[in-house]
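Before any comments, here is the structure.
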Amino acid sequence: MSEEIYGRLAQTVVDGEPEDAEEAAREALDQGLDPLACINEGLTPGMDRVGELFATGDYYLPDLIMGGDAMKAALTILEPALTGGQERQILARVVLGTVEGDLHEIGKTLVGTMLTANGFQVTDIGVDKTAAEFIDAVREFGATLIGASALLTTTMLQQQKIIEALEEAGLRDQVKVMVGGAPVTEIWAEQIGADGYAEDAISAVAEAKRLAGA
Ligand code: B1M
């Protein structure tokens, strides 16, 4: 039964059908399925398939947009079920965003949801954010952790710029930086002097806890 729903969720993303994606997500919750499993076993493989079809030239930019819209629509149903009922205990304040020049928001938002569900106070500053905007947000919200997402090989460099900007602002010893996103690796994180790296939204929680000393 769960495999059937996961397959349907994946297909709604491949087909770029937000309404069907919402409906499948509602049915999954009604059947008592774990919302995180719906994301990991259904939506994400669907999104990966969209990426493959785009890479092979079978899909075009509008297909990427429609796939993204379908995944976002399903997440509006699944995410409240992820965070619902959790106790609010603030482990650390986090400023989270996607770096300058990069419009990919879905993975970053998922990381934010998981961090929030696990006791972090997350300020999501959105996409296409400059290093200066990350620093301003750190000051404004008193954050001790930055989460910087990058999905393009061309925008990964912006993660390094954030670290440099923290140094220039004299904040480097007060604020830890965690980086992530599909092209980002542990080696890259080490190379740019980031404090932490996470491959996905689940490991981002463990990594953020480590960085927060929690
Ligand atoms: Co774009 N895109 N895209 N795209 N897109 C990719 C990333 C790509 C791999 C597709 C491909 O070619 N196969 C490719 C990048 C190639 C590269 O640089 N290596 C690509 C390209 C080329 C582009 C454009 C340049 C296309 C064009 O215009 N010709 C363009 C760039 C626009 C820009 O940003 N300036 C573009 C645009 C878009 C859309 C805007 C249309 C759309 C995004 C819609 C949206 O976000 N609202 C889009 C989409 C949907 C994708 C794919 C298909 C899916 C991304 C996604 O949402 N995945 C993607 C291919 C792929 O990844 N399979 C692709 C689901 C999400 C849950 O996973 O984001 O990886 P992900 O997040 C994961 C982990 O990475 C990690 O945890 C998340 C959850 O597990 N993670 C973190 C992410 N951030 C983290 C931060 C952390 C820790 C972990 O700590 C802070």
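Observations
- Only one of the numbered conditions (1) within 18 Å of the chain's Cα centre (by Cα); (2) surrounded by 18 or more Cβ atoms within 10 Å (Cβ to Cβ); (3) more than 10 Å from the ligand (Cβ to nearest atom) is violated by Pro18, and that is (1).
- Selection from region 143-184 of residues that are within 14 Å of the ligand (Cβ to nearest atom) and of a type in the set (Gly, Ala, Ser): Ala143, Gly147, Ala148, Ser149, Ala150, Gly180, Gly181, Ala182
- Candidates Ile39, Ile135, Ile77, Ile106, filtered to the one that is touching a residue at least 24 places away in the same chain (Cβ under 8 Å) and more than 25 Å from Gly7 (Cβ to Cβ): Ile135
For every residue, the table says whether it meets (1) within 9 Å of the ligand (Cβ to nearest atom); (2) touching a helix residue (DSSP H, G or I) at 6+ places or on another chain (Cβ under 8 Å); (3) of a type in the set (Val, Ile, Thr); (4) outside any helix (DSSP H, G or I).
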| site | (1), (2), (3), (4) |
| --- | --- |
| Leu91 | no, yes, no, yes |
| Leu96 | yes, yes, no, yes |
| Asp102 | yes, yes, no, yes |
| Gly119 | no, no, no, yes |
| Asp124 | no, yes, no, yes |
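- Residue in region 84-99 that is under 26 Å from Thr154 (Cα atoms), within 18 Å of the chain's Cα centre (by Cα) and of a type in the set (Ser, Thr, Tyr) present: yes
- The single condition among (1) more than 7 Å from the ligand (Cβ to nearest atom); (2) touching a residue at least 12 places away in the same chain (Cβ under 8 Å) that Glu190 does not meet is (2).
Values quoted throughout were computed directly from the atomic coordinates according to the rules given, and no laboratory measurement underlies them. Quick caveat: nothing in here was measured; it's all calculated off a predicted structure. With ideal geometry, Cβ positions are generated from the backbone for all residues, glycine too; neighbour counts draw on all protein chains shown.
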